[in-house]
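Undergrad: Take this structure first; my questions come after.
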Amino acid sequence: MTVQGFLGLTWEDDGLPLIEPPWNSPVLADPSFLFPHETITGSWVLFAHTVWGIRRYESHDGFVWLDQGMAVRNAMRAFCRPVAGGFILFYEAYKPFAVPLQILPRPPRWKSRLEYRASPDLREWSSPEIALKPDLSWMKDEKLGEAVSNPCLVEVNGSWRLYFSASLAWIDDCGFCEPRFIGAAESPSFSGPFAPRTEPLIDPSLDELPGVLGAGAMKVIPLEDGYVGLQNKIYRDPSGHSRSALFVLRSDDGLAWFPARKEPLLAPSTGWRQSHVYACDCRRAPDGAWLLYYNARDGWYKSSGRERIGRIIGR
C-alpha cells in the first residue's frame, strides 16, 4: 500500500473499550499485538502495561480478550514483533515501584531505559538486554529525570531503526509526565547495539499545532513509497486542558516528518475517551484491513483517570 492509500482509508469506530484494566491498576495502556498467523498457538496476542508491569492477553477473534498474567514486571510501553527464531519484546524498564510512587505529591525523579527480551513462544522470555540508555543531553530533564520510552522497531533496507520517545514534559492538570521528544537509533541487527542519532527527529517546540506540550509516542509504518507515523501529540486545548490525540504524519525517508492531515485520526470525545487518546499499534491483517489498537483516558488528574484499550478498523 502507498502512503496515499493509507490516508484514504475509512475507519470504523464503535467507540467501545475492549479491555478494562485489572483490579489493582487504574490503567491498561500502550498495546502491541500479534495476528493469529504469527503466533505458535494460532491466537491473537496483545501486550499492555499496568502500573506494575506488562501483561499478556489472548483472543480468538481480536475483540474479546483474556488476561494471561504478567509478562514482564517493572516495565511499560511494550512493542512486540516476530523475528528470526521467535519473538522480540522491547519495553521501557524502570526501578521497582517507580510507577506507583508517581502518585505522591512530589514524585521522585524518573529514570528508565529501553530493554528487550526474546522468546520462542511468547510465554518464556530470555533475560533482559539493554537496547538504549538516556545518555544524550536531550534525553534528560534536570528536574524531572531521564527517560527513553515507547520503542518501535522497523526494518529499513536490511538494517534496523528503533524509534523511541525521550526526556519528559510535566503535564500539570494530570500530575504526571509525558514524553517530550521522539528520536531514532540505528543498528545492523534487530537486537542491537543501537546507535542513537545525536538530535531528536521531532521536537514539540517546532510543531505547527498550537499548544503542544510533548511529542508523546509514534508508531511508524513502512509503506511502498514512504512511511506513515501515528503520533499521539500531547497538547493544550483552547480551554487550557491537556489533551492527547492521534495524528498522522508522513515521511519519504522515515527521518524528516511532516503532517499528513490537519485533523487527528482519533481524538478525545466522551466517556472512557473523555480526556486523552494515547499510544497505538497499527498493522495490516491478511485480509487487507488495518487494525489499530490504542488506549484512552477518561479524566485528567492522576488519582481520578482510568485508561482502557479500544480498537478502530481501516478499510
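The values are calculated or read from the model by the stated rules, or taken from the named source; none is laboratory data. Please read all numbers here as calculations on a predicted model, not as lab measurements. FYI the Cβ positions are ideal-geometry reconstructions off the backbone, even for glycines, and counts take in every protein chain you see. Remember, those area values only see protein heavy atoms, side chains included, never the ligands or the DNA or RNA. Shrake-Rupley method; radii C 1.70, N 1.55, O 1.52, S 1.80 Å.
Undergrad: Tally time: how many residues in the range 139-155 are open to solvent by 10 Å² or more (accessible area, probe 1.4 Å) and under 20 Å from the mean Cα position of the chain (by Cα)? Quick ask: steps written out before the conclusion?
TA: First, the residues of the range 139-155 that are open to solvent by 10 Å² or more (accessible area, probe 1.4 Å): 140-144, 146, 153, 155.
From what's left, under 20 Å from the mean Cα position of the chain (by Cα): 140, 146, 153, 155.
Matching residues across the range 139-155 total 4.
Undergrad: Something else: Go through the range 216-250 residue by residue and tally those that are out of contact with any Phe, Trp or Tyr (no Cβ under 8 Å at 6 or more places or on another chain) and part of a loop (DSSP other than H, G, I, E, B).
TA: Residues meeting the conditions: 6.
Undergrad: Can Leu114 be described as in contact with a Cys (Cβ under 9 Å, 6 or more places away or on another chain), farther than 28 Å from Glu224 by Cβ and either open to solvent by less than 30 Å² (accessible area, probe 1.4 Å) or in a loop (DSSP other than H, G, I, E, B) (or both)?
TA: So Leu114 does not fit the description; no.
Undergrad: Regarding Asp253, is this residue part of a loop (DSSP other than H, G, I, E, B), under 20 Å from Phe33 (Cα atoms), open to solvent by 30 Å² or more (accessible area, probe 1.4 Å) and modelled with pLDDT of 95 or more?
TA: It is false that Asp253 is part of a loop (DSSP other than H, G, I, E, B), under 20 Å from Phe33 (Cα atoms), open to solvent by 30 Å² or more (accessible area, probe 1.4 Å) and modelled with pLDDT of 95 or more.
Undergrad: Going by the conditions given, is Leu213 farther than 30 Å from Ser43 by Cβ, assigned to a strand (DSSP E or B) and either in contact (Cβ under 8 Å) with a residue 40 or more places away in the chain or of a type in the set (Gly, Ala, Ser) (or both)?
TA: Answer is yes for this residue.
Undergrad: Residues to consider are Leu122, Leu18; find the one that is surrounded by fewer than 22 Cβ atoms within 10 Å (Cβ to Cβ) and either in a strand (DSSP E or B) or at pLDDT 95 or above (or both).
TA: Leu18
Undergrad: Applying the selection to the range 186-205, what residues are of a type outside the set (Ser, Thr, Tyr) and under 16 Å from Tyr116 (Cβ atoms)?
TA: Those that are of a type outside the set (Ser, Thr, Tyr) and under 16 Å from Tyr116 (Cβ atoms): Glu186, Pro188, Phe190, Gly192, Pro193, Phe194, Ala195, Pro196.
Undergrad: Something else about it: Going through the range 62-97 one residue at a time, which ones are among the β-branched types (Val, Ile, Thr), part of a strand (DSSP E or B) and either out of contact with any Gly (no Cβ under 8 Å at 6 or more places or on another chain) or open to solvent by 70 Å² or more (accessible area, probe 1.4 Å) (or both)?
TA: The answer is Val83, Ile88.
A quick yes/no check of all residues on (1) out of contact with any Cys (no Cβ under 7 Å at 6 or more places or on another chain); (2) open to solvent by less than 60 Å² (accessible area, probe 1.4 Å):
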position: Val212; (1), (2): yes, yes
position: Gly216; (1), (2): yes, yes
position: Lys219; (1), (2): no, yes
position: Gly226; (1), (2): yes, yes
position: Gly229; (1), (2): yes, yes
position: Asp237; (1), (2): yes, yes
position: Lys262; (1), (2): yes, no
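Undergrad: Quick check on the range 157-182: of everything there that is surrounded by fewer than 24 Cβ atoms within 10 Å (Cβ to Cβ) and among the small types (Gly, Ala, Ser), which residue is farthest from Ala93 (Cα to Cα)?
TA: That would be Gly158.
Undergrad: For His37, only one of the following conditions fails: (1) open to solvent by 40 Å² or more (accessible area, probe 1.4 Å); (2) part of a loop (DSSP other than H, G, I, E, B). What is its number?
TA: Unmet condition: (2).
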